[in-house]
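The values are calculated or read from the model by the stated rules, or taken from the named source; none is laboratory data. All values reported here derive from a predicted model rather than from experimental measurement. As a convention, Cβ positions derive from the backbone with ideal geometry for all residues, glycine included, and neighbour counts pool all protein chains shown.
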Amino acid sequence: MPKRDGSLKAREFVFFCEDQILTRLPPAVPQPERRVRWTMLQLHFGNPRVHFELQPQMGRGVVEAGLHFEG
């Protein structure tokens with residue numbers, strides 16, 4: 001739940017982003033599998049070693065988003 005000033009906690013932000021991403025995928029794209037680790041969201045399409053990752057870093061005021069290829 002947003003605070004009066006509209007801000008969200010990091011975990012709330014992660015779930016908000018997940019909802020926004022999933023509702024915007026085209027119908028032809030399968031729903032990704034998800035993994036949430038505290039304040040990090042990972043989405044993949046069958047291979048968890050290749051995933052999209054989103055992590056707000058509240059102390060720095062930034063959001064890290066990227067495509068990760070794990071070795």
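Out of region 37-71, which residues are more than 12 Å from the chain's Cα centre (by Cα) and among the small types (Gly, Ala, Ser)? Reasoning before the result, please.
Going through region 37-71, the residues more than 12 Å from the chain's Cα centre (by Cα) turn out to be 45-50, 57-62, 68-71.
Selection gives Gly46, Gly59, Gly61, Gly71.
Looking at region 1-16, which of its residues are surrounded by 11 or more Cβ atoms within 10 Å (Cβ to Cβ) and either closer than 17 Å to Gln55 by Cβ or at pLDDT 75 or above (or both)?
Narrowing region 1-16 to residues surrounded by 11 or more Cβ atoms within 10 Å (Cβ to Cβ): 2, 8-16.
Scanning region 1-16 gives Leu8, Lys9, Ala10, Arg11, Glu12, Phe13, Val14, Phe15, Phe16.
Please go through region 1-52 and give me each residue that is in contact with a His (Cβ under 8 Å, 6 or more places away or on another chain) and part of a loop (DSSP other than H, G, I, E, B), ordered by number.
Within region 1-52, just Pro32 meets the criteria.
Filter region 33-54 for residues that are in contact with a helix residue (DSSP H, G or I) (Cβ under 8 Å, 6 or more places away or on another chain) and not aliphatic (A, V, I, L, M) and give the result. So that I can check it myself, show each step before the final result.
As a first pass, look at region 33-54 and keep what is in contact with a helix residue (DSSP H, G or I) (Cβ under 8 Å, 6 or more places away or on another chain): 34, 36, 38-41, 43, 54.
Those that are in contact with a helix residue (DSSP H, G or I) (Cβ under 8 Å, 6 or more places away or on another chain) and not aliphatic (A, V, I, L, M): Arg34, Trp38, Thr39.
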